[in-house]
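**Q** Can you keep this structure in mind? I'll have questions shortly.
The values are calculated or read from the model by the stated rules, or taken from the named source; none is laboratory data. Predicted model only: the values in this text are computed from it and were never measured. Reconstructed Cβ throughout: ideal geometry from the backbone, glycine too, with neighbour counts over all protein chains shown. The area values use the complete protein model at the heavy-atom level, side chains included, leaving out ligands, DNA and RNA. Shrake-Rupley method; radii C 1.70, N 1.55, O 1.52, S 1.80 Å.
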Amino acid sequence: MEVLWSTMMKAIAKRSEIQGTFMPASWYHMVIGYDAGYYGYLYSEVFAYSLLDEFKSCSGGNVINPTLGMKYRKCILEPGASVDGFDMLENFLGRKPDSNAFFKALGI
């Protein structure tokens with residue numbers, strides 16, 4: 001396992017690990033149930049790109065738009081935790097959020 005890890009570090013990360021260490025042995029997040037948390041971080045980007053795409057499409061590519069900024073304030077910032085996050089996104093976008101902008105950003 002150590003040889004495989006060392007080989008992957010050199011091939012993918014383009015760096016060597018610190019001699020006498022074995023990082024996977026100390027990175028326990030995936031075995032204590034935190035794996036869903038990492039998925040959640042990635043999925044939050046789906047929502048972020050949906051928001052960004054809305055600003056870009058309504059502003060001709062320029063994300064500075066006072067009208068849309070006020071709508072963001074009213075639909076997302078002001079309700080805070082009093083409204084479900086998915087509902088806030090839907091209220092702001094005028095539709096259910098989807099993965100299209102995220103995939104576009106990834107070049108897929």
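**Q** Once you keep just the Cα pairs under 8 angstrom separated by 6 or more residues, what percentage relative contact order results for the chain?
**A** The normalised contact order for the chain reaches 24 percent.
**Q** Rounded to whole Å, give me the distance from the Cα center of region 84-106 to that of region 1-78.
**A** Each part reduced to its Cα centre gives a spacing of 17 Å.
**Q** Among ILE12, ILE76, ILE32, whose mean-square fluctuation peaks in a Gaussian network model of the chain (Cα, cutoff 10 Å)?
**A** Maximum fluctuation in the GNM of the chain, among the listed residues, is at ILE12.
**Q** Further question: Among SER50, ASN65, ALA11, which residue has its Cα furthest toward the positive end of the charge dipole of the chain, with +1 on Lys/Arg Cβ and -1 on Asp/Glu Cβ?
**A** ASN65
**Q** Angle check, please: helix 35-58 long axis (alpha carbons) against the longest principal axis of the chain (alpha carbons), in degrees 0 to 90, nearest 10.
**A** Between the helix axis and the principal axis of the chain, the angle is about 40 degrees.
**Q** With springs connecting C-alpha atoms under 10 Å apart, model the chain as a Gaussian network and identify which of MET70, MET23, MET88 has the largest mean-square fluctuation.
**A** MET23
**Q** Please build a GNM for the chain, connecting alpha carbons under 10 Å apart, and tell me which residue among TYR34, TYR72, TYR49 fluctuates the most.
**A** The residue with the greatest mean-square fluctuation here is TYR34.
**Q** Can you work out the accessible area per residue across the chain, with the rest of the protein chains kept in place, probe 1.4 Å, in square angstrom?
**A** Computed with neighbouring chains in place, this is 74 Å² per residue.
**Q** I'd like the carbon and sulfur percentage of the solvent accessible area for region 3-108, probe radius 1.4 Å, heavy atoms only, ligands and nucleic acids excluded.
**A** 62
**Q** With +1 on each Lys and Arg Cβ and -1 on each Asp and Glu Cβ, how big is the dipole of the chain about its Cα centre, in debye rounded to the nearest 20?
**A** Result for the chain is approximately 380 debye, rounded to the nearest 20.
**Q** Once you place label points 7 Å from the Cα toward the Cβ at VAL83 and LYS14, how far apart are they in nm?
**A** In this crude label model, VAL83 to LYS14 measures out at 4.5 nm.
**Q** Which lysines have a Cα lying under 30 Å from the Cα of LYS71, excluding residues fewer than 8 positions away in the same chain?
**A** LYS56, LYS96, LYS104
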